[in-house]
Each structure stands twice: as structure tokens, then as C-alpha cells.
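As C-alpha cells, the structure follows; a few thoughts come after it.
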Amino acid sequence: MSYQIPKFRHPDLPVNELGYTKAAYEGSISTLCAGCGHDSISGALVRACHELSIEPHKIAKLSGIGCSSKTPTYFLGKSHGFNSVHGRMPSVVTGAAMANRELLYLGVSGDGDTASIGMGQFAHVIRRNLNMVYIVMNNGCYGLTKGQDSATADEGSAGKKGDVNPFNAIDLCSTALQMGATFVARSFSGDKEQLVPLIKAAMSHRGFALIDVISPCVTFNNTAASTKSYEFVRDHAEATGTVDFVPMRQEITTSSRPGAAHEVTMHDGSVLRLYEDADTLNPFDRRSAMMALMDHQAEGTILTGLIYLDKNSRDLHDVLETSHRPLNQLEEGELCPGNKMLVNINASLR
Amino acid sequence: MKALKSVNDFVIKFANVNGTGSASANNLFAKALFRMGLPVSPKNIFPSNIQGLPTWYEVRVSEKGYLGRRGGVDIILSVNPQSMAQDIREIEPGGYFIYDNTKPLDLRLLRDDITIIGLPLTRICNEKYKDPRQRQLFKNVIYVGALAALLDMDFKVLTDLVADQFKGKEKLILPNINALELGHQYAKDNFDCPIGIRVKASDKVGDKILLDGNTALGLGAIYGGATVAAWYPITPSTSVVDAFDKYARRVRIDPGTGRRNYAIVQAEDELAAIGMVIGASWNGARAFTATSGPGLSLMSEFLGLAYFAEIPTVLFDVQRAGPSTGMPTRTQQSDVLAAAYASHGDTKHVLLFPSTPKECFDFGAMSFDLAERLQTPIIMLTDLDLGMNDNMSDPLEWDDSKEYDRGKVLNAADLDAMERYGRYLDSDGDAICYRTYPGTHPDKGAYFTRGSSRDEQAVYTEKGEEYEKNMLRLLQKWDTIKEYVPGPEIIPAAKPADMAVLYFGTSEASSREAVDYLAADGIALDSMRVRAFPFNHEVEDFIDRHERVFVIEQNRDAQLRTLLMAEFEFGPDKLKSVLCFDGTPISARNIRKQIMEHLPGNNVTPLHRKIRANRVGERA
């Protein structure tokens, strides 16, 4: 296991607006390998939720099957969790989100769970623009079954066994853009300064938000010949620009840095500031985002940061025109038309 | 030749080409008889195709109220040359062949033991109408008009029906009535009306309604409080969600905001559809999916999760002929075993077997109560025959004083009053534990739902004894379930009987009729209709007290019989199979014949055993 959560808490630990310390957002002890990138992502999720002052029980965390899908046990212990079946988390989240639109849905998946067995559901949940955050802990291999290549492994990359992967990699960010995703970002488990604001922005986005997080597998895919190793990713990552996230109600001045190229007001009133290199891409233009991804791929570098954001996103509830009140709170009197209507229906069937 | 003669008791079959608008004309015919107070059972026998292939519509009229398929056809109304040879062969001796004689009949098809009646339908249409589409559509209405004369139907009932049917499209009423009159007049002028088979107004319908099971089921989901429907289109289940949609648009729009108090998601496949149902149910909404055999196969993995993690799940399976794609537009009861034991590992699922539209409605609504009370998948097995055909049924009723049973769910106050919550802790001794919905309480009641083994606190475990304890609790829950699901319906014979029939779902009507036939021959049979799985003790006792039980079902492998033997350990000698699996609904004559063959003195080896015996080289 990677770390023990100490029982002791510093008495002066910072509390958020709800009065919670970070501990309120933690989960059980991780059983992943020491140094696993996934644990850093769990840590980033804890920090983001704490800093955003989200009530822990108003989050539902759902996953599929695999190392990544085990992680929801290791964060947000006060939230309901659902470890579903392999590759099918998106459908379970879809149903859950239809039932109660007021919770924040956090989906956690891996590269096998998303790009292979779950490719169909991944594509379709994007197409429907379900209001959820979808984190892929992407390590290019199947950890629990001991290191086979996954569909996101780059062509020519090799893991611990040494066999070179002969197949093209599926790029999840490009796929998501193609399917109509309204928020697409990529990050690296080793870069919390980038990852935490991206998670916050994704959580404030109304619609489907993908964060493809490259998360090295220390046991099977952290080799010199792997393109998903800590070293390779550190050397080859190129950020789109830095991102600041200013939560709703917070004074803009407090975390303001000069020189922001864009300020985006998110659906919940929070503000996203982008400080970017104008040459890299325009993150509000899907074609520009696609081009930037392809350019970096051609150069052999990994584009990270916010890649695309649709400011006018309409989520599935908007499209289906569902009630503003959660469907699971409707009472029998509102749902059942009663016998009187049946009398009329019967009469029409004679 | 002796022509068939009967009043209010016959089978007529329409042979059409699909996509020519025949369905609504044939429907008009059946509905008119129904309005004349006659029990009718119309059945569509249609191809998996949109246009151009043969399609049939069989209507049975029975003053005695027999609504199953009788077997045999007394009258064929033929407007499809493609199937004419087959159709004419099918007529009972003494029956009637009514056909479009614009083109002369192939002399090789002639039979001298039937009455042949020619109606120049195409010629009349070509003379009367210019538009090719009108020629095609009105041809159907004209033959209904002709039948009205030939069978002595009440013409006013027909014209009233046309007026009802085109309410809102008034300018279509008169042309349709004209077409009816054209046919009526032609038949009156050219034939001795009525023919030997005729109808007479009666009063055998009472307050009954004519409705298809899928519409009733969609309505059942509305009344049962479903708010989430997730599905993938598949024949013959599609009209369940169509009906849900139709009525939801009527009664589930929030009056203040105009927003919808329901969500229908057309999924990318059946795997996603059932996943959505599970997600919604987990989150406290009533949700369902509707599918057929191939969809059920795809849903198996998720059904295992719902069973093991104990998530309410409602699945309506409108069965069709399998295996694989099978015959998508033909009926069967062949998903019984696949549904009962769906998914890997030790699993068992609750099954409901409705046999009428009223039961589709009742069981449909009840499924949600059962799923939430029992925290497990409820699979309702209806079929194409019940789902897609108009069936005469008791009217639908709802008891307004009844409340939904939302099962064992804890709210925030409940959680505050508790010392420690365990999702899989059986505190009441009925093996059903308490759920919490996500978002209920800031500190208490959250747990991790998973398909992997866990302890009573929902914490992952690989301890064999914890796993075993949980699996045994699920088995104990299976006993609790028996108290909740609908019990069997038992109808004793007029005199004491040591033999019985056992049937379920759409085999009911034909089975009842066959039992009457056999009683008239002096063979007394008690009857039991099984309405759910798990079977309760009444089912066991009934089988126990009979020497021989004929299990009637519409599949090849005697699936319900297998289930009975697996659950109760009855021997194969006690349970005898009566089967039909050609894709048409089982008929009363067929059932009678097979039971006769099983009776002592009629030593006929059942077909499947004969095949097996031949294969191993034994003497059958």
C-alpha cells in the first residue's frame, strides 16, 4: 500500500467554508502499489473538493472495474460510492443523474475500462452531454491482470515485459472532442498544481467534463521504453497554459494574477482564468483543439491543460426538459394519475 | 360438399402484403365484431420486414368466450397472391376462400371441398380511384364491407367505428364509409348473403376492453410511479416504451413549469439500458427497461450485479422466438430459464408471468413495489402474442387508496437515531436490509455499492465465511420473496381428478379450452396457472397431490418443467410436457392432442425423447 493515513490531525488544519478540514474528504487507506499515480489523483480530488467546499454527501462517486476503479474507496468516505461492472460506469451514472440532478457525479475509470471494454458507453455518455466529471486514470496498461498493454498504450511503447506495442493508441481527448464533449482536459498525476484547478473547473462545468490524467503504473509500465512513465511524461508534457480557478462568491482579487488571456464564468458562478500561450490553441474552438492535439502528437509531445471548453453547454436534463426537482423526490400523488383516468381509457377501448 | 355452418363461432384469416395498410382495416373488422358483443381474439402474424412480404391477421370469434387459438381456419380472405397456395390449403373442409378475382385463380389451387368466393377488388378500386395509394388503401376497406354482407354484420357498427377512428380527421370519414358500401353492395348483389358462417349480435363482452399487453404495461409503469425509462429498440417490446412515452406526455408534465416529471433515455444498447435502470434505482427513482430475448442475454452481467448488490431493478421481457435472432416477429415463452438464472455465479431472479392485458398493467405497476421491497431484479415475462395483439381483457382498475411500497429505506432522522448503519445487516430477520439513497445525511449512511464480496458494513472482504454468510442470506431472502409474489391460480375440475394441467402466461386461454374439450370426453383435469417464480408451497402441494401433471408451454425444451424439477426435485415421470414452439400461439386443439397422446393406452413417446433415444442407438 502506498501510504497510511495518520489518525493525528494538526489542530490548526485549515477549514473550508463549511467548516470541514481536508480529513472530511478522505477515504480508506489505499491498497494500490507504493508510488502509484492513482493515489496522487485521489489526493488531488480530495483537495479540490475540500477547497470548493462541496458537501461530501452531495457527491456520488462511481467507477467501473480495474485499479483506477478501486480508488473511489480511497477518497470521499462520506459519499455514496458505486463500483459497477467493467466498462459500464457511464450507464450507471446516466441513470443515477436522471434520478437526482442535484448531486455531483464523479466518474472514475481507467484506460482499459474506458478505451476498450467501455468505449461504447464512453462515446455515448459524451454524446448525451451528461452532467458529470469523468476522470480517466490513464497508465496505458492493465494493472490488475499484470501489465498487458491497453488501447491507450502508444505504438512503440514497451512495459515491464519488454514487448513493443504494435498498435495505434486511442487518444481519449481527441475521441471526446469528436464525440462532442463540452469540456476536455488532460493532466498528469505528477502535476497537482495543474490537476487541482482542472478538477475544480470540471466540477463547475454543466455537462460532460473529461480529464484524461496520465498516471504512471510503477509496477508494470514505468520503464525506460514506456511513454507513460514518470520520466517520459515529465520530459514530454507541454501545458496549454496555466489555469486558475476562482470559486463562486470568492473575491476575485484574492487569487488574481495579472495577464489572464481569458476569464470564463462557469455555470455555478465561479470563474475560470486561463493564462495561455496564444500559439498553442484557442480552447473555445473545437477545431483548434483538435489541431493542437494532432500537432503535439506529431511532435511526440503530450499536450496537457484545458484543451476545450464549450461555454454554452446544454446538459442532458436541459435536452430532455426534465423537472427542476429531482425525479427521485416526486411523490406518489404527482406520479400516479389515479383511477379516474383509467375509466376514460377503458371507455376508449370498447 | 358440406359447407361449414355456424353462428358466432369461427376462425377467419386475412392474407395480406405488409405495408399496404391492411392492419387498420382488419382491426376495424375485429373491433366491429367486438362491438356487436362478440368475444374476439385477433392475432397479427407478421414478418420481420417493413414492406412487401406476406402478413396474416387471424381473428377468432367465439360466443363461448374462448380466446386462445383454436387451430384450423374456416375462412380465408386472400389479397396476397404470394401466399395463396399455402393459404388455400389451410382451410378446413367445408370452409370458405374469399379472394380478389381480378386475376383468375390458378386452377391448380382449386379445391372441391370448399366454397370459393371471388371479389374483383382491384378492378373496383381501379375503376373508382385514380391515386395509386388510395387504390391500395381502399381495397382493404372494400373487403371489410363485403365481409359485413357475407357474414351479416351490423353495418351501422362499422360506420360508427369509422367515425370514431377518424375523429379529428373528419374528411376521411366519408370516403371510408363509401368504400365499405362499395364492398357491401357488391357482395349483396352477387352472392347469397349471409354465407353458412355468420354472426349475430350478442352480449358476451360485458365491460371488457380490447387492448394490447404492451400498452397496458406502459400504463402500468406510469401508475407504478416509474420516472426513468432506459431502453434500446427491439421487437416486440418497443411499444411498451412508446406507450409509457405517450401517457407520460399526457399526465407527467409539471403544470407550473411545463417540465417533464420523467426521463426516457434511448440507450446505445441493452447493456447501457439496464445499467441506467440500476443507476436510477440505486439513486431512489423508480426505473425500468423493456426488451426481448437478445436484450436479456446482453443484460445478464448487470442482472448479476443487481442481484448481488441488491439493487431494485425492473425489466419487462416481451419474449419472441429464439435462440439468437430466431424469429423476431413470432411468439414464444423461451426466456424462462435464461431469465430465472441470468448471470454467472449463483443467481436466481424473480419472474412474473402475466396472461392478460389487465395483468400486464397490474403486474407492471406491482413490479416497482416488489423491486423496492425485495431489493432485487423483477423480470416480467410477457410475450409477443400478449404484447402486440389486441386481447380482450377485464377493464383496467386502480385502487386510489393504495400506497406505493417503497421498501426499506432510511432517511436522515432514521440514521440519526441509529448507532451504526450496516447496508447488508439483516436486522429484521427477513433477510432484507436497509438502503440509503445518496445525499441523505452529511455523516451517516454512506456506503459503497459493489459487485464484489463485502461484509455487512459493505466493506470489501475476501473472507470465505463472510461471503458464504451473505450468499446464504440471499437464499433466505428467496424464501421471503415467496410471500410477496403472486401465488398460482387453481381451478379444480368438475369431478375429482388425479391428473392436472399446469400453464403460465399466454398458454392460459388455449389450455382452459382444451381442458373443457377433454372434460367433455370424460377426462377430468385440475388446472393451475403459475403466476410467478419463485414458486410457493401451493405450487408444490398441487403437483404433489396429482399423479400426473401436464406442463403446457411454448418452447422446445420444457423450460418451466425444468425449473419445477430444479426447485422441487419432482421426477420426470410426474411432469409431462405439452409444447408448441413453431412461433404461433399454442392452440387448444394442439394441447388436447398432445394430452391425449400422453394418456395411458396411448403409448406415444414424446418427440424430444424419441430423438434422444435414436441418437444413442436405443429403441424408442
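The values are calculated or read from the model by the stated rules, or taken from the named source; none is laboratory data. Since this is a predicted model, take the numbers as computed values, not measurements. Quick reminder, even Gly has a Cβ in these numbers, built from the backbone with ideal geometry, and neighbours come from all protein chains shown.
Within region B:400-511, which strands (runs of 3 or more DSSP E) (wholly inside it) include 3 or more residues that are within 30 Å of B:Val551 (Cβ to Cβ) and away from chain A (no Cβ under 14 Å)?
So the answer is B:489-491, B:499-503.
Filter region B:339-366 for residues that are among the small types (Gly, Ala, Ser), farther than 25 Å from B:Ser510 by Cα and buried (at least 22 other Cβ atoms within 10 Å of the Cβ) and give the result.
Residues satisfying the conditions are B:Ala342, B:Ala365.
Going through B:Pro328, B:Pro312 one at a time, which residue ends up being crowded, with 24+ Cβ neighbours inside 10 Å and more than 9 Å from chain A (Cβ to nearest Cβ)?
On inspection, the qualifying residue turns out to be B:Pro312.
I'm checking my understanding of the structure. Among residues of region A:109-159 that are among the β-branched types (Val, Ile, Thr) and part of a loop (DSSP other than H, G, I, E, B), which one is farthest from the chain's Cα centre (by Cα)?
So, considering only residues that are among the β-branched types (Val, Ile, Thr) and part of a loop (DSSP other than H, G, I, E, B), the one farthest from the chain's Cα centre (by Cα) is A:Thr145.
Sort out which residues of region B:270-298 are among the polar types (S, T, N, Q) and at the interface with another protein chain (Cβ under 7 Å from one of its Cβ atoms), and write them in order of number.
If the condition is that a residue be among the polar types (S, T, N, Q) and at the interface with another protein chain (Cβ under 7 Å from one of its Cβ atoms), then B:Asn283 is the only one that fits.
Could you list all residues from region B:233-245 that are over 24 Å from A:Pro326 (Cβ atoms) and either surrounded by fewer than 24 Cβ atoms within 10 Å (Cβ to Cβ) or not assigned by TED's automatic domain parsing to the domain that holds B:Met366 (or both)?
B:Pro233, B:Ile234, B:Thr235, B:Thr238, B:Ser239, B:Asp242, B:Ala243
Could you list, in sequence order, all residues of region A:304-340 that are on the phi < 0 side of the Ramachandran plot, within 7 Å of another protein chain (Cβ to nearest Cβ) and of a type outside the set (Gly, Ala, Ser)?
A:Leu320, A:Thr322, A:His324, A:Leu327, A:Asn328, A:Leu330, A:Glu332, A:Glu334, A:Leu335, A:Cys336, A:Pro337, A:Asn339
Here's the yes/no breakdown for (1) within 13 Å of chain B (Cβ to nearest Cβ); (2) under 21 Å from B:Ala446 (Cβ atoms); (3) touching a residue at least 24 places away in the same chain (Cβ under 8 Å):
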| position | (1), (2), (3) |
| --- | --- |
| A:Ala23 | yes, yes, no |
| A:Gly35 | no, no, yes |
| A:Gly43 | no, yes, yes |
| A:Ile54 | yes, yes, yes |
| A:His57 | yes, yes, no |
| A:Gly66 | yes, no, yes |
| A:Asn83 | yes, yes, no |
| A:Val93 | yes, yes, yes |
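I need every pair where a residue in region B:208-231 that is assigned to a loop (DSSP other than H, G, I, E, B) has its Cβ under 6 Å from the Cβ of a residue that is of a type in the set (Gly, Ala, Ser), sequence separation at least 6 or different chains.
Every condition considered, the pairs that remain are B:Gly224/B:Ala365; B:Thr227/B:Ala285.
Table: residues versus (1) within 12 Å of chain A (Cβ to nearest Cβ); (2) charged (D, E, K, R); (3) closer than 20 Å to B:Phe361 by Cα.
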{"residue": "B:Ser202", "(1), (2), (3)": "no, no, no"}
{"residue": "B:Ile209", "(1), (2), (3)": "yes, no, yes"}
{"residue": "B:Ala229", "(1), (2), (3)": "yes, no, yes"}
{"residue": "B:Thr235", "(1), (2), (3)": "no, no, yes"}
{"residue": "B:Lys246", "(1), (2), (3)": "yes, yes, yes"}
{"residue": "B:Asp254", "(1), (2), (3)": "yes, yes, no"}
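Would you be able to say whether some residue in region B:168-182 is farther than 25 Å from B:Trp56 by Cβ, aliphatic (A, V, I, L, M) and in contact (Cβ under 8 Å) with a residue 12 or more places away in the chain?
Scanning region B:168-182 turns up at least one residue that is farther than 25 Å from B:Trp56 by Cβ, aliphatic (A, V, I, L, M) and in contact (Cβ under 8 Å) with a residue 12 or more places away in the chain.
When you look at B:Gly284, is it without any contact (Cβ under 8 Å) to a residue 60 or more places away in the chain, assigned to a loop (DSSP other than H, G, I, E, B) and not basic (Lys, Arg), yes or no?
So B:Gly284 fails the test.
Starting from residues that are touching a helix residue (DSSP H, G or I) at 6+ places or on another chain (Cβ under 8 Å), touching a residue at least 12 places away in the same chain (Cβ under 8 Å) and among the small types (Gly, Ala, Ser), keep the ones in region B:445-470 and report whichever is surrounded by the most Cβ atoms within 10 Å (Cβ to Cβ).
By that ranking, first place goes to B:Gly445.
Scan (1) surrounded by 20 or more Cβ atoms within 10 Å (Cβ to Cβ); (2) under 21 Å from B:Asp317 (Cβ atoms) for the single condition B:Tyr262 breaks and write down its number.
(2)
Which count do you get for residues in region B:29-48 that are under 14 Å from B:Pro585 (Cβ atoms) and of a type in the set (Lys, Arg)?
1
In the set B:Asp385, B:Asp346, which member is touching a residue at least 60 places away in the same chain (Cβ under 8 Å), in a helix (DSSP H, G or I) and either closer than 25 Å to B:Met528 by Cα or of a type outside the set (Val, Ile, Thr) (or both)?
B:Asp385
Which condition number in (1) crowded, with 24+ Cβ neighbours inside 10 Å; (2) in contact (Cβ under 8 Å) with a residue 60 or more places away in the chain; (3) within 20 Å of A:Asp212 (Cβ to Cβ); (4) hydrophobic (A, V, I, L, M, F, W, C) is the one that A:Leu104 fails?
So A:Leu104 meets the others, but not (1).
Within region B:351-371, identify whether any single residue is under 30 Å from B:Val59 (Cα atoms), among the polar types (S, T, N, Q) and not assigned by TED's automatic domain parsing to the domain that holds B:Ala458, and answer yes or no.
yes
Can you tell me which of B:Phe542, B:Phe504, B:Phe535, B:Phe568 is in contact with a Lys or Arg (Cβ under 8 Å, 6 or more places away or on another chain) and surrounded by fewer than 23 Cβ atoms within 10 Å (Cβ to Cβ)?
Selected residue: B:Phe535, the only one of B:Phe542, B:Phe504, B:Phe535, B:Phe568 that is in contact with a Lys or Arg (Cβ under 8 Å, 6 or more places away or on another chain) and surrounded by fewer than 23 Cβ atoms within 10 Å (Cβ to Cβ).
Looking at region B:256-269 only, could you name the residues that are free of Cβ contacts under 8 Å to residues at least 12 places away in the same chain and either of a type in the set (Gly, Ala, Ser) or more than 8 Å from chain A (Cβ to nearest Cβ) (or both)?
The answer is B:Gly256, B:Gly258.
For region B:13-47, which residues satisfy the criterion of being of a type in the set (Val, Ile, Thr) and over 22 Å from the mean Cα position of the chain (by Cα)?
B:Val17, B:Thr20
Tell me the residue from A:Arg287, A:Arg325 that is of a type in the set (Lys, Arg) and part of a helix (DSSP H, G or I), please.
The match here is A:Arg287.
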